[in-house]
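Structure, as C-alpha cells:
Nothing in this text is a laboratory measurement; each read-out follows from the coordinates by a stated rule. Not measured: the values here are computed from a predicted model. Positions of Cβ are generated from backbone atoms using ideal geometry, with glycine treated the same way; all protein chains shown enter the neighbour counts.
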Amino acid sequence: MNSFANQTAHRLEGPPFTLFLLSKETMNSKSLPALAGSLAAAALVAISTSAHADEDFSFDMVRSPALAAFPRCVPNAHASVRIEPRGAVEEMQVRVEGLPPNTGFDFFVTQVPNGPFGMAWYQGDIETNEHGVGHGKFVGRFNEETFIVAPGSVPAPSVHNNAFPDAILNPITGPIHTFHLGLWFNSPDDAAKAGCSAGPTPFNGEHNAGVQVLNTSQFPANAGPLLKVKP
C-alpha cells in the first residue's frame, strides 16, 4: 500500500479479513480513487494469504513423459488430486480422465516421478467408467513426512514369482522420502490396446502391470507435491 493510503486509513488485521477505517476527510478527498486502488491491492494480498493458509492442497498429474514415443497412447490423460488433513492421517482424492473406458489402473506413491522411480509404495486401484473417468480415495500419511526406511535386512515373504519375482531379502536403507505420485495400466494388454507400449512393469499387486500413464513430473524430482503438505 502506498504512503498516502498509510496516512489516511487505519488498518485492523485479523484472519480471515483486513478492515480499513477511513477518516471523514479521506472520504471527501479528491484522492479517494487512488486510495480505493490501494485498498483493492491490499485486499488481494489478504485473499492470497487466506488461500495459502488453507489446509487442503490440490494439484494435477500429467501424462507421463515416457509416452512421448507413443503419440496415440492416452493423449488426453490427466488427473486432479486433492489432499485433505484428517487429524492423524491425510485423505487423498484422485480424479482421472482421458483414459480408456472400463479399464483398471494402479496408483503409487514414488520417490521420483519418472523411471527408474526409486522407492515406490502401492496405494490401490482406480477403475475408469464408460467415459474414461475414474475416482480413487486413499487414506494414509501423504505429507512432507512420508518416507520408507529399512534399518536392517531381514527375510521377506515370496508370494509372486513371474517376470518381477518378489525379493526374499530387503535392502538396508536410511529414511527415503517419497513425494511423487504415479498411475500405471493394470495390464500390458490394456496398454497395447490403447496404443501404448506392451512391455510389463512390476507396478501392480501381482507385479505384471503395464506402463505408467500419469505422474507428477511437473514438480522437481526431489521436491514432489507431497513435500508441500504440512502434517
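A Förster radius of 22 Å combined with the Cβ-Cβ distance from Val154 to Tyr122 puts the calculated FRET efficiency at roughly 0.65.
Listed values for region 110-123 are Karplus-derived 3J(HN,Hα) couplings in whole Hz (6.51 cos²θ - 1.76 cosθ + 1.60, θ = phi - 60°), namely 10, 6, 10, x, 10, x, x, 6, x, 6, 9, 10, 5, 9, and x replaces Gly and Pro. Each other residue within a Cβ distance under 14 Å of Gln218 adds +1 if Lys or Arg and -1 if Asp or Glu, for a net charge of +1.
Taking a ≥ b ≥ c as the square roots of the eigenvalues of the Cα gyration tensor, region 75-126 is oblate, since a/c reaches 1.5 or more and a/b is not larger than b/c.
What residues have an amide H closer than 5 Å to that of Ala198, excluding those fewer than 5 places away on the same chain, when H is modeled at 1.01 Å from N in the peptide plane? Here nothing satisfies the definition. The string of couplings for region 85-98 from the Karplus curve (6.51, -1.76, 1.60, θ = phi - 60°) is x, 9, x, 7, 9, 10, 10, 10, 9, 10, 10, 10, 8, x Hz, one whole number per residue in order, with x for Gly and Pro. Extension gain, His131 to Arg72, is 19.5 nm, computed as 0.36 nm per intervening residue step minus the present C-alpha separation.
Phi angles across region 168-174 convert, under the Karplus curve 6.51 cos²θ - 1.76 cosθ + 1.60 with θ = phi - 60°, into 3J(HN,Hα) values of 9, 8, 7, x, 7, 8, x Hz, Gly and Pro given as x. Charges were assigned to the Cβ only: +1 to each Lys and Arg, -1 to each Asp and Glu. The resulting dipole of region 137-231 about its Cα centre is roughly 320 debye. Taking 14 Å as the straight-line reach from the Cα of Lys137, the aspartates and glutamates in range (excluding those fewer than 8 positions away in the same chain) are Glu84, Glu90, Glu91, Asp106, Asp125, Glu127. The shape of region 64-172 comes out oblate: with a ≥ b ≥ c from the C-alpha gyration tensor, a/c is at least 1.5 while a/b does not beat b/c.
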